[in-house]
Amino acid sequence: MNIFVGNLNYNLEEEELQTAFAEFGEVSSVKIIKDKYSGRAKGFGFVEMPNAEEANAAIGKLDGTEVGGRALKVNEAHPPKPRTY
């Protein structure tokens with residue numbers, strides 16, 4: 001399951017995010033989204049967990065939890081909406 005994690009501290013490292021989610025089960029990938037020009041984190045990222053039960057447990061326990069001085073917003077990621085120009 002792909003999990004959206006928002007309201008991240010801009011200095012948080014991917015390893016720290018992985019550690020937080022690993023308490024609930026196997027984490028297959030962690031990606032903090034960064035600005036392509038400045039390289040600075042945008043304040044959100046994605047965590048992939050192969051087991052849906054473990055992923056739902058992580059979502060339930062980590063949503064609203066303070067990490068790095070900020071309360072995380074954690075929920076199941078949805079595919080991006082198509083852009084219209």
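None of the figures in this text is laboratory data; all of them are computed from the coordinates on show. Here the structure is a predicted model, which means the values were calculated and not measured. With ideal geometry, Cβ positions are generated from the backbone for all residues, glycine too; neighbour counts draw on all protein chains shown.
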Item to check | Output for region 39-70, where each listed residue is of a type in the set (A, V, I, L, M) and exposed (fewer than 12 other Cβ atoms within 10 Å of the Cβ) | outcome: 52
Checklist outcome for this item: Flagged in region 15-60 as among the charged types (D, E, K, R) and either out of contact with any Phe, Trp or Tyr (no Cβ under 7 Å at 6 or more places or on another chain) or under 21 Å from residue 79 (Cα atoms) (or both), in numbering order, are 15, 16, 23, 26, 31, 34, 35, 36, 42, 48, 53, 54
Checklist entry - Mind checking whether some residue in region 24-35 is of a type in the set (Phe, Trp, Tyr) and under 13 Å from the mean Cα position of the chain (by Cα)? => result no
